[in-house]
Amino acid sequence: MMPGMGGPGGPGGGQQGVFVINKNAKRDQGRKAQLTNIQAGKTVAAIVRTTLGPRAMLKMLLDPMGGIVMTNDGNAILREVDVSHPAAKNMIELSRAQDEEVGDGTTSVIILAGELLGVAEPLLEKKLHPTLIVSGYMKALEDAQTLLKEIAYPVNVDDPEALREIVRGSIDTKFAARFGTLISDLAVQAVKTVCIVKPDGRKEIDVKRYAKVEKIQGGELTDCKVLDGVMFNKDITHPRMRREITNPRVVLLDCPLEYKKGESQTNVEITKESDWEKLLQQEEEEMRRVCDDILKVKPDLVITEKGVSDLAQHFLMKGGVSVIRRIRKTDNNRIARVTGAHICNRTEELQEAMVGTQCGRFKVQKIGEEYFTFLTECKDPKACSVVLRGATRDVLNEIERNLHDAWGVARNIILEPSLLPGGGAVEMELAARLKEKSKTIEGSRQYAYRAVGEALEVIPRSLAHNCGSDVVRAMTDLRARHAAPGHAHFGIDGKTGKVADVKAQGIFDTFAVKQQTLRTAIEAAAMLLRIDDIISGISRKQQQQKSSAVMGADDETFGDARDG
C-alpha cells in the first residue's frame with residue numbers, strides 16, 4: 001500500500017496504519033541500535049587486537065582475486081575485510097584516516113575505539129543518557145591532551161642516532177624488525193632527502209609524492225638502498241642510443257614527439273602519387289622542426305610522458321640524444337625535482353633554464369629480466385627512489401608496508417620534535433590521572449569520565465597479553481607504580497611482557513601519533529554512541545539481489561594493486 005493512502009474502505013472507512021518507511025527496509029531503534037553499534041565496534045577491534053606489539057601475530061587474508069596478503073599492519077588488514085554493518089565500516093574508516101594523517105598507530109586507534117565503546121555498555125544499562133556519556137568522554141579528551149603535553153619531552157632532530165632509535169621503536173613491532181636498523185635507516189634517509197625548508201622556517205615533507213618504492217624480486221635484503229636520485233622501469237627507445245651518460249643535460253616533456261593525428265576521423269583524397277609524397281614530406285618536416293627545437297638546447301637525454309615516433313627517434317639519435325618515452329606523470333615530477341629541470345608542454349617554448357643539469361649520472365641497467373633507468377649522483381636531490389630487494393613478493397610487500405609506517409614516524413618527529421614513553425606507559429599514566437581526577441567531577445558525568453581512564457588500559461593489557469605473560473600481575477604492578485607520581489615512564493616491555501622502564505630501554509612513541517590516536521578514538525566512539533536509529537537505505541529484497549549478483553566489479557581495488 002502507498003504511504004499516506006487509506007485502507008480498502010477509502011477515507012473514513014476503517015483507516016489503517018500509515019507506512020512512511022518501506023516495510024522491507026531494516027530499522028534498529030533506541031537501545032538496540034546502540035548495543036549493535038557497540039557490538040560491531042568491539043568485533044572490529046577483536047580482529048586486530050592480536051597484531052599489537054613486537055610479539056604480534058600476522059593475519060593472512062585472501063582477496064577475491066585469490067591473492068594472499070600476510071601482514072600485521074592494522075590498516076592493511078582492515079581494508080581487506082569486507083563488512084556490512086555501518087558502524088563497523090565507520091571503525092575501519094578510522095584506521096584509514098589515521099594512516100593518512102600520521103602513518104602509524106592504525107592498530108591502537110581501532111583497539112582503543114572498540115574499548116571505549118565497550119566501557120559505555122554498562123553505563124547505558126545503568127540508564128545513563130548517551131549525551132551525558134559523550135560529554136564525559138569529551139571532557140576526558142581535553143584533560144588527556146593537556147596531560148600528554150606535560151608528559152612529552154623534546155628531541156633533537158639533527159642527531160641522526162636519536163632519530164633512528166625513535167623510528168626503530170615503531171618498526172620493532174613489525175615484520176621488518178629482524179633486519180635490524182635496515183628499514184629505519186632507509187626511512188630516515190628518504191624523509192631527510194624530501195624535506196624542504198620554506199623561507200618562513202616551515203618544513204614540508206611530501207613522502208607520498210616524492211619518495212617512490214621500487215620493489216625488485218631477487219638479490220639480498222642488504223641490497224636495499226635509498227638512491228641519491230631516482231630510478232624507473234623503462235629502457236631507451238632505440239638500441240643505438242647511449243645507455244650511460246655522465247653529467248647529462250636532461251629535458252622533460254609533456255607532449256608527444258609524433259605527428260598529430262586529427263581529432264575526428266578525416267579522409268584525404270589524393271589524385272596524384274606525388275601528393276602522397278608531399279603529405280609524408282609535411283609529416284617529416286613537422287617532426288624535424290620539433291626535433292630541431294629540442295636539439296637547440298643541446299640535451300643528452302629527453303624524457304617524455306607521451307609517445308615518440310620512429311622519425312623523431314632517428315633525428316634525435318643523429319643529434320646524440322637518448323630518449324625515454326611513456327613515463328608516468330608522477331615519475332616525471334620526481335625527475336624534475338632531482339635534476340632541476342622544468343617539465344615543458346610545447347617544444348617551441350624550450351629554453352636553457354628548463355634544462356636539468358643537477359644529475360651526475362644516467363645509466364640504463366638490466367636487473368633480472370627487466371631494464372631499469374637510473375638517474376643518480378644528483379646534487380641536493382629533493383626526491384628519491386627506495387630500492388627494495390627480497391626473495392619473494394610477500395616479503396617485499398610487507399617490507400614496503402613497514403617502510404610506509406617508518407616514513408610516517410620519521411616525518412612526524414621532524415615536523416613535531418617531541419616524544420612520549422612507549423610500551424603503554426603513556427596510556428597507564430593517563431588512566432591513573434583521569435581516574436584520580438574523576439572524583440572531583442560532579443554528577444553522573446564522572447562515570448563516563450572514569451570509563452575513559454579504564455578504557456585506556458587496554459593498550460598495555462593487549463601488549464602483555466600478546467607476549468603471553470601474566471596479564472593480571474603485570475597490570476596490577478603498573479597500576480601501583482603509576483599511582484605514585486614520577487613513574488610516568490613505566491610500561492610493558494613488548495618482547496618479554498614484563499614491567500620495565502621504557503625510557504631507559506629506548507621505547508618511544510611520537511607525540512603526533514599518540515595525540516591523533518586519542519583524538520580519533522574518543523571522537524569516533526562519542527559519535528557512534530549518539531546514534532539511536534539505524535535505517536538501512538536499501539530494502540531487504542534489493543540487498544539479497546545485490547549479494548547474489550556476481551562479484552568482480554571492484555576486484556582491482558584489492559591487495560597491493562591499488563598502491564601502485
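Testing the spin-label approximation: label points 7 Å from Cα along Cα→Cβ at Ile270 and Asp477. State their distance in nm.
That separation, rounded to one decimal, is 8.9 nm.
Once the convex hull of the alpha carbons of segment 198-303 is built, what does its volume come to per residue, in cubic angstrom?
About 262 Å³ per residue, rounded to a whole number.
Per 5 Å bin, what percent of the C-alpha pairs of segment 368-484 does each bin hold, from zero upward?
2, 9, 11, 12, 12, 12, 11, 7, 7, 6, 5, 4, 1, 1, 0
Quickly rank 99-108, 421-430, 293-302 as a protection proxy: mean count of other C-beta atoms within 10 Å, highest first.
In decreasing order of mean packing, 99-108, 421-430, 293-302 become 421-430, 99-108, 293-302.
Using bins 5 angstrom wide from zero, how does P(r) for segment 475-535 break down, in % of all Cα pairs?
3, 14, 16, 15, 18, 13, 9, 5, 5, 2, 0
Could you sort 153-165, 226-238, 524-536 so that the peptide with the highest average Cβ count within 10 Å comes first and the rest follow in order?
Going by the mean number of other Cβ atoms within 10 Å, highest first, we get 226-238, 524-536, 153-165.
So what is Rg over Rh here for the chain, counting just Cα atoms and using Kirkwood for Rh?
Taking Rh as the inverse mean 1/r over Cα pairs, Rg/Rh reads 1.09.
So if I restrict to the alpha-carbon atoms in segment 318-430, what is the Rg, and what is Dmax, the biggest pairwise distance, in Å?
Cα only, segment 318-430: 20.3, 72 Å (Rg, Dmax).
Hey, how much of the P(r) for segment 224-358 falls beyond 18 Å, as a percent of Cα pairs?
Across segment 224-358, Cα pairs with separations above 18 Å total 57 percent.
Take every Cα pair under 8 Å in the chain that's 6+ residues apart, average their separations, divide by the length, and report that relative contact order as a whole percent.
25 percent
Sort 197-206, 360-369 for me by packing, meaning the mean count of neighbouring Cβ atoms within 10 Å per residue, highest on top.
So the peptides 197-206, 360-369, ranked by packing, come out 360-369, 197-206.
Per DSSP H run of n ≥ 4, the term is -39500 (n - 2.57); total these for the chain, divide by its residue number, and report the mean residue ellipticity at 222 nm rounded to 500 deg cm²/dmol.
It comes out at -14500 deg cm²/dmol, rounded to the nearest 500.
Can you give me the accessible area per residue for segment 26-141, using a 1.4 Å probe, in Å²?
42 Å²
Given a Förster radius of 51 Å and the C-beta distance between Glu436 and Asp82 as r, what FRET efficiency does 1/(1 + (r/R0)^6) yield to the nearest 0.05?
0.75
Around Leu148, with a cut-off of 13 angstrom between Cβ atoms, what is the net charge of the other residues, counting Lys and Arg +1 and Asp and Glu -1?
Every neighbour counted, the sum reads -3.
Cβ under 9 Å from Asn466's Cβ, Asn466 left aside: what net charge do those residues give with Lys, Arg +1 and Asp, Glu -1?
Value of the local net charge: +2.
Identify all lysines with a Cα-Cα distance to Lys435 below 25 Å; exclude those on the same chain that are fewer than 8 residues away in sequence.
Here the lysines satisfying the reach criterion relative to Lys435 are Lys42, Lys126, Lys127, Lys139, Lys149, Lys498, Lys503, Lys514.
State in Å² the accessible area per residue of segment 215-364; use a 1.4 Å probe, count heavy atoms of protein chains only, and round to the nearest integer.
57 Å²
When the Kirkwood hydrodynamic radius is evaluated over all pairs of different C-alpha atoms of segment 52-96, what value in angstrom, to one decimal, is obtained?
Hydrodynamic radius (Kirkwood, Cα only) of segment 52-96 equals 11.5 Å.
Normalise the Cα radius of gyration of segment 63-193 by 2.2 N^0.38 Å (N = residues in it) and let me know the number.
Dividing the Cα Rg of segment 63-193 by 2.2 N^0.38 Å gives 1.36.
Measure off, as a whole percent, the carbon and sulfur share of the 1.4 Å-probe accessible area of the chain, all protein chains present.
50 percent
The values are calculated or read from the model by the stated rules, or taken from the named source; none is laboratory data. Treat the numbers as computed from the prediction; the structure is a model and nothing was measured. Using ideal geometry, Cβ is built from the backbone for each residue, glycine included, and neighbour counts are taken over all protein chains shown. With ligands, DNA and RNA removed, areas are computed over all heavy atoms of the protein, side chains included. Shrake-Rupley method; radii C 1.70, N 1.55, O 1.52, S 1.80 Å.
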